[in-house]
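The values are calculated or read from the model by the stated rules, or taken from the named source; none is laboratory data. Computed from a prediction, not measured in an experiment: that's the story for all the values here. Backbone-built Cβ (ideal geometry, glycine too); neighbour counts: all protein chains shown.
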Amino acid sequence: MKKLNKLFWALAAPVAAILFTLIFVSIILLFKGANPLSTFQLIATYGSQSDNIVAELNQTVAYYLAGVAAAIGFKMLLFNIGIDGQYRLAIFMAAVVGGATHLPSYLEVPLIILTGMVVGALWASISGYLKVKRNISEVISNIMLNTIASGLIIYLLQPSRLGLKGKSSDNLSTPLIPSSGSLPTFHIFGGELYSFGLVAIAVGILYWIVLNKSVFGFNLRATGMSFRAARASGVNAPRMVFITMALSGGIAGLTGMGELLCNTHTYSLAFPTGYALTGLALALLGRSNPIGIAIAAFFWSFLEQAAPALDLEGVPKEIVMMMQGTIILATVTAYEVVKRITRRQQQRLVGAADAPRVEVGQKGDK
Amino acid sequence: MSTLKGNRLWKIITSPSRMMLTVAAIIILISLIRQFTGVDDITSPGATGATIRFTIPILMAGLGGLWAERSGVINIGLEGMMILGTWFGAWFGFLYGPWVGIFAGAVGGAIAGLLHAFLTVRVGIDQAVSGLAINLLGAGTARFLSGVFFIGKGGDVNISPQVSSTGSFTVPGLSPLLTTLAHKHILVISDIAGVSAGLVTKINWASLVMFLALPITAWILWKTRFGLRMRFCGENPVAAESLGVNVYRTRFIAMAVSGALAGLGGAYISIVSTGNYLEGQTAGRGYIGLAAVIFGNWTPVGVLGGSVLFGLTDALRVRQSTSVHALLLVVIVLAGVYGLTKLRKKDWKGFITGILIAVLVLAYYMINKTVPDEFVTFFPNLTTILVLAFLSQRLRPPAMAGAPYRKGEEG
């Protein structure tokens, strides 16, 4: 019964958040004169078409990795809004290195992946350094670093530097990675499923094991729960903060790697921005749990893939952006409320156990 | 005792006479550079006018950030509030005239500010999460509303119909006199005349009105009882509450003002700078406003300094890219002077850093003819990172800005 109660409160927040968002969207739909129920039905059927499912799964992999990167930061109470800059700089440098080397496949692929992780980790460690040594909020430094990363990429992507001019349009891109540097895709449901998804699964398993079954993971969680207590018990807490930030950036460097290795084989400005917010939202929705994040990531990409269906109903598909903002706010608010309710329940339990069994104590309970 | 000494030192550094000297030194330096490089646009009246147009939105966002952070709430949602300001400003400006539009922009921003206050102060969620979500919501809402309202009224999904101008004024007599003086290219005098001419020629009424927000903010925050209480909430909310200050209410008011100021900045962009709403026209100025707050060390005059610096680089980039290149010389001189003062104090690390930066920038200056546009775009962001990295001991943010606070709970 106790366990059921716990499970109920754990699920209450995300369910409430999603319900709130659905109601919010329904109101907008009604306001636009569309029938919410039929629109949701349209989204559901459009999203579960077989070729869309494959695209969703591929997108899920990228979102999942961004979510894991954010979740690692959350364990340390770090808010890694820099995932955007980290991932784009990482994929860009990985594409440059991949395009410049011609190694056998078993070296080329790991080299590209490793480059991405290292670049992401290095870029993230700037804000980690500033946080530890200068006590600067990682949110502020990462917001600034995101813009700097964008500027750097555009600068380096010029044809006179590291980039190439695209054939058809004037879209800039990096040189093509040779075929030895690509990962295969699976033909399922008439689509191309990236094999890079297996790496993402491995990352999820590794994340869970390292965090829950290793001394390092214990130290990390301990520092996140109480910086001072961890320090007092001999953990080098500032170092843990720095390493966590770099680790989060390293995983962020894998975001979009599936697209690079399995599909485009080149970096261009078409690689989307906004993964940081998505990652943070997914980590919040999934409560930093590897499976929770995966479910949330699939839900998120399902919505996005189905968004064009909204246009058919005469609803601007941009409301997906509003939906995402609402989901984030609703989730966090719901968790905060649930946290307060469960805490009050616990306090009441403790109070009931402690209170002397006289009338006065029961009166105070009300 | 040590804090008292620190305060006195701070007063001397920021004293009016010292500030005048600094300003004079910078003017002389810039006019020398202009003479030396022949880049006359740096101090021309036109460049000053453009600088004002680029500075005002950043200043408004910066003051918004100042209000929020002084009351203890970090407002990362400034960008979203600005976007709402651009949209509401343009739409109501189109319907009822530009001044109503500016007011509507402030209201739009204030609504988002109150949402942020409700979520972070009342509900108690993380301030960064709320701010970022508001940025997303602001962008999404503006996009959605554009699709609903603009089509069929002379606009489109990402552009609004044209808003009429707020009008501008020129100080008669003074303006032509200063302009002719500026064109004579006399050392220092022409530079001062050029900048002054820019300050009295074709100044938009909206610029003037919005600029008033700066002295009003300074007055409220430092000269009124409410301002004292508000800063108290940012420094130590628990103590403030125990002395009878209503922390929640104070923060709600501060956030409403913060959002309204950001909204005004947005309305300025859409009504004055471009004359209509364009999607994405704030281009991260909310974040730059945040940067100006840090650069300005959480003081109104400092925020103005940061806004002018960032506005100036923006304006020069748009006008003439060689101007930005010439400004590198200022960086070289400042870094060199910084290094030399450190030498006097036998601070070797500081000396080497200063000289190294000076030499590296000098080398870049000699090799290249221009500064790439991409670098100028992220100049404010880079400056902020550098200020945070090298001057963080000098910075004094409100002690409890960003920290969660619940009524009746310690810490």
*residue A:180 vs. criteria in a helix (DSSP H, G or I), farther than 30 Å from residue A:48 by Cβ and in contact with a Leu (Cβ under 8 Å, 6 or more places away or on another chain)*: yes
*Out of all the residues in segment A:208-222, is one or more over 14 Å from residue A:289 (Cα atoms), in a loop (DSSP other than H, G, I, E, B) and touching a Gly at 6+ places or on another chain (Cβ under 9 Å)?*
no
*Quick one: count up the residues across segment B:356-389 that are without any contact (Cβ under 8 Å) to a residue 40 or more places away in the chain and more than 9 Å from chain A (Cβ to nearest Cβ).*
12
*Could you check residue B:52 against (1) within 14 Å of chain A (Cβ to nearest Cβ); (2) in contact with a strand residue (DSSP E or B) (Cβ under 9 Å, 6 or more places away or on another chain) and say which number it fails?*
(1)
*Scan (1) within 24 Å of residue A:203 (Cα to Cα); (2) within 18 Å of the chain's Cα centre (by Cα); (3) modelled with pLDDT under 90 for the single condition residue A:83 breaks and write down its number.*
(3)
*Being small (Gly, Ala, Ser) and in a helix (DSSP H, G or I) is the filter; apply it to segment B:147-192 and report the residue that is nearest to the other protein chains (Cβ to nearest Cβ).*
B:147
_Being over 19 Å from the mean Cα position of the chain (by Cα), surrounded by fewer than 16 Cβ atoms within 10 Å (Cβ to Cβ) and under 24 Å from residue B:45 (Cα atoms) is the requirement here; does residue B:186 meet it?_
yes
*For segment B:242-279, name all the residues that are in contact (Cβ under 8 Å) with a residue 40 or more places away in the chain, under 15 Å from residue B:166 (Cβ atoms) and of a type in the set (Val, Ile, Thr).*
B:269, B:271, B:272
*Take the residues in segment A:138-156 that are more than 7 Å from every other protein chain (Cβ to nearest Cβ) and surrounded by fewer than 21 Cβ atoms within 10 Å (Cβ to Cβ), then tell me which one is farthest from the chain's Cα centre (by Cα).*
A:156
_Considering only segment B:101-118, I want to know if a residue exists there that is within 12 Å of chain A (Cβ to nearest Cβ), modelled with pLDDT of 90 or more and closer than 18 Å to residue A:137 by Cα._
no
_Any chance residue B:332 is surrounded by fewer than 16 Cβ atoms within 10 Å (Cβ to Cβ), at pLDDT 80 or above and of a type outside the set (S, T, N, Q)_ = no
_residue B:311 over 29 Å from residue B:195 (Cα atoms) and crowded, with 20+ Cβ neighbours inside 10 Å_ = no
*Quick one: which of A:91, A:53 is touching a residue at least 60 places away in the same chain (Cβ under 8 Å), over 30 Å from residue A:141 (Cα atoms) and surrounded by 13 or more Cβ atoms within 10 Å (Cβ to Cβ)?*
A:53
